[in-house]
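Scroll down for the structure; my scribbles are underneath it.
Derivation of every value follows stated rules applied to the coordinates shown; laboratory data play no part. Treat the numbers as computed from the prediction; the structure is a model and nothing was measured. Ideal geometry is used to build each Cβ from the backbone, glycine not excepted, and the neighbour counts take in all protein chains shown.
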Amino acid sequence: MKHSIKRTALSTAIALGIAGFAASPAMAWEPTKPVEFVIPAGPGGGADQMARMIQGIISKNNLMKQSMIPVNKSAGAGAEGFLSVKEAKGDPHKIVISLSNLFTTPLATGVPFSYKDMTPVAMLALDQFVLWTNADKPYKTAKEYIDAVKAAGPNKFKMAGTGSKQEDQIITVALEKATGTKFIYVPFKGGGDVAVQLVGNHVDSSVNNPIEAVAQWRAGKLRAQCVFDDTRMPYKEKITPTQSWNDVPTCKEVGVPTDYVMLRGIFMPPGVTQDQVNYYVDLFKKVIATPEWKKFMADGAFNQTFMSGKEFDKWLDANAALHRQLMQEAGFIAK
């Protein structure tokens, strides 16, 4: 009888212990030191602005106990930044904001890197491209501008963009093929430089993201001719005294049949754990829910598409194939 009572008491204690353990799961992972936020592009461009906006939102809203430190690593068309993340295997205290140079840089340079060398976290948004001209020039529409380029003959007009054999030059080549034109393509380190060069009339046009030229557009220095997408941007709040992003026609609408959208996403080094990935997915869901992020999205006319997990993996695979095709057609793949 005593043995039976002892066994019952022991069984009860074990059961209570198990129940107590189940009710107190292990703490989820979170950063234990500052997180390096790699920007594989120069200061002032779209990726730089977005990364610094994110860092500010996280800090202001106390979304993370540790600090986040943006670091520009733009050398080699962003290869410097991507390689630093690839080489940081298993380090959850380093993340990178990606552009579509994630796909183009390895193809153009032969750098030993693939998007599969990093761990996908989330797509934050898709970014548009706009054809911009100087507001002092007489071209009121994209068609008027393209007609002027055609009339002048090949290599008379200068098109500015960020980097060589990246998104901006891919769009320029696609535009040339669609319209029978030929530009002198002039590469700069970042979208901020591109906008300044166009305002100064050092080039004739640019293919720049909305956020990279919105300040100059608002100031009346640049004209947004058309957006390289199938549909107009949805934002109807006036940016200039007369125009919202929604007032900018698609390039197809005005006889310039070219479209392209660009990734804005977050990746981690290879070899990190799912718990660590989940932490950042959750963090960025909190970021995109803030009023500051929503205003940033509207100001920069972003396509607000968020993806993570298998859906993001599938998108990455499809867009890697698309960029290989575009790079081949443009003759930009390293021999």
Subject >> Set of aspartates and glutamates with alpha-carbon distance to LYS137 below 15 Å, sequence-local pairs under 8 removed >> reply: ASP147, ASP204
**OP:** Return a whole-number percent for the relative contact order of region 130-247, with Cα pairs under 8 Å and 6 or more residues apart as the contact set.
**Re:** 34 percent
**OP:** Tell me what the chain gives for mean residue ellipticity at 222 nm when only DSSP H runs of n ≥ 4 count, each as -39,500 (n - 2.57), the sum divided by the residue total, rounded to 500 deg cm²/dmol.
**Re:** -13500 deg cm²/dmol
Original post:
So for the chain, taking the charge dipole from beta-carbon charges (+1 Lys/Arg, -1 Asp/Glu), which of PRO187, LEU175, ASN72 sits furthest toward the positive end?
Top reply: ASN72
**OP:** Using only the Cα atoms of region 249-315, build the gyration tensor, take square roots of its eigenvalues as a ≥ b ≥ c, and label the shape rounded, prolate or oblate: rounded if a/c is under 1.5, else prolate if a/b is larger than b/c, else oblate.
**Re:** oblate
Original post:
aspartates and glutamates within cross-link reach of LYS33: Cα-Cα under 17 Å, excluding same-chain residues under 8 positions apart?
Top reply: ASP91, ASP275
Subject >> Cα lying deepest toward the dipole's positive end in the chain, options THR105, PRO92, THR258, charges on Cβ >> reply: PRO92
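Which of the pairs LYS140/LYS221; LYS86/LYS286; LYS182/LYS314 have their Cα atoms more than 24 Å apart in this structure? Intermediate results must be reported in sequence, preceding the final value.
Working: LYS140/LYS221 14 Å; LYS86/LYS286 26 Å; LYS182/LYS314 35 Å.
As for pairs spanning more than 24 Å Cα to Cα, those are LYS86/LYS286; LYS182/LYS314.
Quick one: ASP127, ASP317, fewest Cβ neighbours within 10 Å first, how do they rank? List each step's numbers first, then the result.
Details: ASP127 24, ASP317 12.
Final ranking by Cβ density, sparse to dense: ASP317, ASP127.
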Original post:
For the chain, what proportion of DSSP beta bridges, expressed in % and rounded to the nearest 5, is antiparallel?
Top reply: 60 percent
**OP:** Mind checking which aspartates and glutamates have their Cα closer than 14 Å to the Cα of LYS143? Skip sequence neighbours fewer than 8 apart in that chain.
**Re:** GLU176, GLU253
Original post:
Roughly how big is region 130-247's charge dipole about its Cα centre, with Cβ charges of +1 (Lys, Arg) and -1 (Asp, Glu), in debye to the nearest 20?
Top reply: 240 debye
Original post:
What pairs in LYS150/LYS177; LYS238/LYS294; LYS252/LYS294; LYS165/LYS285 have C-alpha atoms more than 24 Å from each other?
Top reply: LYS252/LYS294; LYS165/LYS285
